[in-house]
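One structure is given here, and the rest of the page talks about it.
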């Protein structure tokens, strides 16, 4: 396949544009991670399989979890009365993975000993899967 005489310049220009875009994406990713980490409330993000992929410091302290490693502790879930067990199918994450919108679900999370129960309000915001906008150049 023959390369146009100015092909090297085009490749260099594309390479420079790609490198600039990658730098911008890394900066935005860092800003997002720092923002989530600084939120005082627990923030958890789960993928479509229910695996936690992001947890801020508050969530890690509360639930003693490590993103990507799965739940290392067992938990029991109760309705806000603290007595009535909440079935797994009623949890915000399970319902959200099923496509249901969940706002302000209140529950009590009881980790296995020696921790005390925690009162939790769960929200679900679906991350819409979108196609990236085509690059229009400058």
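Relative to the current alpha-carbon distance between residue 60 and residue 79, full extension at 0.36 nm per residue lengthens the span by 4.6 nm.
Full extension of the chain between residue 25 and residue 95 gives 22.0 nm of extra length, using 0.36 nm per residue less the Cα-Cα distance.
Throughout, read-outs are computed from the coordinates displayed, never taken from laboratory work. Just so you know, these numbers come straight off a predicted model, no measurement behind them.
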